[in-house]
Amino acid sequence: MHHSTCTPVRTRHRSRRHRAWRRPALGAALSVALCNAAASAAPDPQALPPAQVLPAPPAAPLSVQILRVEVQTLASPAMEGRGAGSSGLRRAIAHLETRLRTSAPAPAGTDGYRQTFVSVAGDTVINLVAISRGAGHYADKAHVLVGAHYDHLGIGQPGDPNAGELYPGADDNASGAAALLEVARQGSTNHLHDIVLVLFGGEEQGRLGSQYYAEHPVRPLNEAIAMINLDTVGRLTHDRLTVFGVGTAAELENVVKGVNVGFRFDLQLILRSSMGSDDLSFLAKGVPAVQLFTGANPDYHRPSDTPDKIDVEGLAKIAEFTTELARYLADRDRPLSFVPEGAAKAAAHAAAEAQTKGATGASRRRVSFGSIPDFQRESGGVLLAGVLPGSPAEQAGLEAGDILVEFGGTPVDTLTDYSDAMKRYAPGDEVEVVFLRGQERKTVKVTLVERK
C-alpha cells in the first residue's frame, strides 16, 4: 500500500465573537482531493503521461458573490445614480426592500419596511427599517442601530461639468448599503438585544433620512446602546479601516479593538465624529456612534466612482466585522458610558447646520474646493491627502501634504472649521486660501465651483 505524505488540511475555528476572516471550505476540500489523487496514482513507466487537467479555481465565498452583485446593481445605469426624485431611486428602494424581505429581519417601518416623509423641499424621502430580533429576556428595550444611506447624486444637470453623465456612487454609498444587507443576512441570530437596521434616504441632501429617523425612531433613542454607520466602505487598501467616533463612549475604543482581534484590520481610530455623515444625527441625540470608512479617493462624487473599483473581498470582510461589532454590542447587559463632550459638539454642529438651511431644506454648503482631506488629523489645520483632478485646488497648485490654515479669512483648525467656512460661499465666489507647505506659508485665490 502506498502511504501518502500529505499533511491533513486544518481549518481555523472561529468563535462567535471573534471570527477570523477565513478562506472558503471548498479550498480545503480541493486540497484533500488533490492530495488523495496523488497518493493513489501508481507510477507506470510503460504508460503514456496523462493529459494535465488543472482544477477549477475555488469559488468566491458566498458573501463576496452577493456583495459584488449588490454593488453592481445599485450602481448600474438603471438606478440613474439614485438621485433625489428619480425613477432610478424608486427602483433602488424597491430592490433594497425586496432584499430585506428575503433576509430574516422583520419590517419595522410605518408601512412594512418603509418610513416615509416629505422634506421641506417637497421631496418624498423613504427610510427602510428592519429589526433583527434578539434572543434575550431583558425587561428593557435596549438595541443597537446599524445604518447606511443608499441615495447618491443622480445624473449631472445642465451647468454641471459632467452634465448628462451618470454618478454611479459605487463607493458612496452602494458599498455601505450592500454591506448593511449582508449584516442583515448574517446577523439575524446569536445576539441578546435587538439590532435595528436602517437604510437612510436623503443623505446627499443634508442627512434628511437620518435626521428624520432620529426624531421618529422605531425604538426610543435613550434605549440605544450605540449606532454603527457604514459610509464609503468599498475601497479597502492595505487592510486599513478608519473608525470615526470611538471617543463618543468610554468603552468603544477597546470594544472595536477587541472585535478586530479576529480580523486584523490596520485600524485608524479617530476619537471624534467625521461630522459629515448619518452618525452625526444620532450623536446629536446622545447616542454613542461610530462611522466605518475606507478612506478618501479622487473618485468621490464623480462619474468615475464605478463598481469595478470596489474591493469586494474587503467589503465582505468589513460586513462581517460590522456584524460581529453589532452582535457584541447587542450582547451587553449595560449601556455604554457616553462622553457628553462629543454630544455637545455634535449638537452644536447640527444646530448650526440647521440654521444654514434654506427653503430647499439642503445645507447651504453648495461649493467645492476639490481637496481630499486626511481624516486622521484631529487639529492644526486640514492636511491634504490629495486634490481632485481639474478642481480649483489643483488649478491653484495645491498638492498632497499641504495644510490648509485659513479659508476666506477664517482660521481653519479642524475639518469642522473648514466645512463651516465653505458654507458661506456660492459657486463662482472667489476666496483667498492660506496653506502651509513645509515651513513656508502660501496664499492663493481660487474660484469655487458647485459641490456635487
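The values are calculated or read from the model by the stated rules, or taken from the named source; none is laboratory data. Quick caveat, the model's predicted, so the values are computed rather than measured. Cβ: placed from backbone, ideal geometry, glycine included. Neighbour counts: every protein chain shown. These area figures cover heavy atoms from the full protein model, side chains too; ligands, DNA and RNA do not enter into them. Shrake-Rupley method; radii C 1.70, N 1.55, O 1.52, S 1.80 Å.
I'd like to check one number: the per residue accessible area of segment 385-452, probe 1.4 Å, reported in Å² as a whole number.
It amounts to 49 Å² per residue over segment 385-452.
Show me the ranking of peptides 302-312, 436-446, 371-381 by mean Cβ neighbours inside 10 Å, starting with the highest.
302-312, 371-381, 436-446
With each pseudo-label sitting 7 Å past Cα toward Cβ, what's the R219-E432 distance in nm, one decimal?
With each label placed 7 Å out from Cα toward Cβ, I get 5.3 nm.
Apply the a/c threshold of 1.5 to the C-alpha gyration tensor of segment 196-267 and tell me whether it is rounded, prolate or oblate. Mind dumping the intermediate values first?
Values: a/c = 2.69, a/b = 1.46, b/c = 1.85.
It comes out oblate by the Cα gyration axes.
I want to check the label-to-label distance for S87 and R424. Put each point 7 Å from Cα in the C-beta direction and report it in nm to one decimal.
4.5
Pull up all non-local amide H partners of E251: gap of 5 or more, or a different chain, and H-to-H distance under 5 Å with H placed in the peptide plane.
Counting only residues 5 or more places away or on other chains, the set is S337.
Based on the alpha-carbon gyration tensor of segment 390-452 and its eigenvalue square roots a ≥ b ≥ c, which shape applies: rounded if a/c is under 1.5, prolate if not and a/b is larger than b/c, or oblate?
Numbers: a/c = 1.76, a/b = 1.25, b/c = 1.40.
Since a/c reaches 1.5 but b/c is at least a/b, the shape of segment 390-452 is classed as oblate.
5 Å is the cut-off here: which amide hydrogens, built 1.01 Å from N in the peptide plane, fall below it relative to D402, excluding neighbours closer than 5 in sequence?
Those lying under 5 Å, H to H, from D402 are L384.
How would segment 237-303 be classified by its alpha-carbon gyration tensor: rounded, prolate or oblate, with rounded meaning a/c under 1.5 and the a/b versus b/c comparison settling the rest? Kindly include the intermediate steps, with their values, before the conclusion.
On the way: a/c = 2.85, a/b = 1.09, b/c = 2.62.
Taking the square roots of the gyration eigenvalues as a ≥ b ≥ c, segment 237-303 is oblate.
Explain nothing, just compute: Karplus ³J(HN,Hα) = 6.51 cos²θ - 1.76 cosθ + 1.60, θ = phi - 60°, for every residue of segment 202-211 in order, whole Hz, x for Gly and Pro.
x, 5, 5, 9, x, 6, 4, x, 6, 5
Can you give me the long-range amide H partners of R302? Hydrogens built in the peptide plane at 1.01 Å from N, cutoff under 5 Å, separation of 5 or more residues or another chain.
Result for R302 returns nothing.
Take each of the peptides 73-83, 417-427, 326-336, average the number of other beta-carbon atoms within 10 Å over its residues, and list them starting from the highest.
73-83, 326-336, 417-427
Points 7 angstrom from Cα along the Cβ direction at N162 and R377: gap in nanometres?
Distance between label points: 2.5 nm.
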